[in-house]
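I have placed the structure first, in the form of structure tokens, so that the comments after it can refer back to it.
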Amino acid sequence: MTTRPILIHPDPRLKTVARPVDRVTPEIGQLAEDMLATMYAAPGIGLAAPQVGVLARLFVMDCVKDKETPARPMVLINPEITWTSEETATYEEGCLSIPEQYAEVTRPAKVRMRWLDLDGTTREEEFDGLWSTCAQHEFDHLNGRLFIDYLGPIKRQLITRRMQKLKREKARA
Ligand code: NI
């Protein structure tokens, strides 16, 4: 397992609709392992393939936060949303591609997703709480959508300028 560099917004690859995974190959398995290692190292609770520059429809997540509960690394390949609740929930979201910027986003409180796992088996599960928010946030990445796209234009531009500045500073370092 190796960690991979995470793309920082703004980057055209973060605005691109990712393509479906044709077949769960060993390369996809390796990518998923690397993404999990990258996510845990960051540290973060979710990471989508476009964030490491791979425009394929898969993401990883693990929203277990307390140290007593065993980790639950999940890999969702070609995820589809099959149901969302009418009830909504608001969480302060962040993103590994938009470091240290947080904002409240309102989304359906619960979501049901269907996906392929690394064995090529179809799975379906309902998520709620932080898992639901995270799954929807990561799903958005596969469609080139970031959490800041839910904010007003002024706040979005402010965050984008901060990220441009951060990238300039990193390029100089
Ligand atoms: Ni994100």
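The GNM of the chain, with springs linking C-alpha atoms under 10 angstrom apart, assigns the highest mean-square fluctuation among A56, A48, A103 to A103. Each of G46, T25, L7 was placed along the dipole of the chain (beta-carbon charges, centred on the mean Cα), and the one lying farthest toward the positive end is L7. Using only side-chain charges placed at the Cβ, +1 for Lys and Arg and -1 for Asp and Glu, the dipole size of the chain relative to its Cα centre rounds to 1060 debye. So which residue, out of G129, G144, G120, gets the largest mean-square fluctuation from a GNM of the chain using Cα contacts under 10 Å as springs? Evaluated over the chain, the most mobile residue of the options is G120. Ordering L158, L47 from the fewest to the most neighbouring beta carbons within 10 Å gives L158, L47. Taking 31 Å as the limit for the C-alpha separation, the pairs K65/K155; K110/K155; K110/K170 exceed it in the case of K110/K170.
Among all helices in the chain defined by DSSP H, which have a length of 20 Å or more along the axis from Cα atoms plus a Kyte-Doolittle mean of at least 0.0? Length and hydropathy pass: 26-41. Computed from point charges on the beta carbon alone (+1 for Lys and Arg, -1 for Asp and Glu), the dipole magnitude for the stretch 25-72 about its Cα centre is near 140 Debye.
For the stretch 41-173, what is the Kirkwood hydrodynamic radius in Å, using each pair of distinct C-alpha atoms? List each step's numbers first, then the result.
Working: mean 1/r = 0.0632 Å⁻¹.
Answer for the stretch 41-173: a Kirkwood hydrodynamic radius of 15.8 Å.
Every number in this text was worked out from the coordinates using simple rules, so none of it is lab data. Please read all numbers here as calculations on a predicted model, not as lab measurements. All Cβ positions, glycine included, derive from the backbone under ideal geometry; neighbour counts span all protein chains shown.
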